[in-house]
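Readers should treat all values here as calculations from the given coordinates under stated rules, not as data from a laboratory. All values reported here derive from a predicted model rather than from experimental measurement. So basically every Cβ, Gly included, is an ideal-geometry build from the backbone, and we count neighbours across all protein chains shown.
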Amino acid sequence: MRALAILLLLSTGRTSVPPQAHDRVAIRRVVRKHLQQIVACFEPDGMPMPKVDVTFTIGASGTVTSMKTTSTGSQRLQRCVASVFAKMTFPPRTTPLRVSYPVRICAAGQ
């Protein structure tokens, strides 16, 4: 079995208000709770190093209210990652927050 490493980065979209430090921590915490599901999306696609860019909005209740994905991998990969993010629940907030979250995969050691 090939060893895989996932690189999860948090950045903000150009049209969004940059998340505060506590927002970044909370978002990373929620995404990491779903890491195994995200990895499972990537495994069938194998290499070479696909990535999925997920742009989503966290509503006041903490649910994902809108989402857009782009991918260098297959459509199946894109749909799978989108479905994982759509099910995530973040801490409630006073205003919606738009987040851009690139997810990249590479073989361990690369």
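So what are the ³J(HN,Hα) numbers for the range 64-69, from phi and the Karplus equation (6.51, -1.76, 1.60; θ = phi - 60°), rounded to whole Hz, Gly and Pro as x?
7, 9, 7, 7, 9, 10
Could you line up VAL25, VAL52 from fewest to most neighbouring Cβ atoms inside 10 Å?
Ordered by Cβ neighbours within 10 Å, fewest first: VAL25, VAL52.
Could you check the spin-label model distance between ARG79 and VAL39? Points 7 Å from the Cα along Cα→Cβ, value in nm.
2.5
Amide H to amide H under 5 Å from ARG93: which residues, 5+ apart in sequence or cross-chain, H placed 1.01 Å off N in plane?
Result for ARG93 returns SER61, GLY62.
Run the numbers for LYS87 and HIS22: contour at 0.36 nm per residue of separation, minus the present Cα-Cα distance, in nm.
Extra length available between LYS87 and HIS22 comes to 21.3 nm.
Just to check I understand the Karplus step: with θ = phi - 60° and J = 6.51 cos²θ - 1.76 cosθ + 1.60, what whole-Hz values come out for the range 72-79, glycine and proline as x?
8, x, 6, 4, 4, 4, 4, 5
Once amide H atoms are placed 1.01 Å from N in the peptide plane, what residues at a sequence separation of 5 or more from GLY73, or on another chain, have their amide H within under 5 Å of its amide H?
The list, which skips near neighbours in sequence, is LYS51.
For the range 56-107, what is the convex hull volume of its Cα atoms per residue in Å³?
Taking only Cα atoms, the range 56-107 has a hull volume of 80 Å³ per residue.
Give me the distance in nm between label points sitting 7 Å out from Cα along the Cα-to-Cβ direction at ARG32 and SER61, one decimal.
Distance between the two pseudo-spin positions: 2.8 nm.
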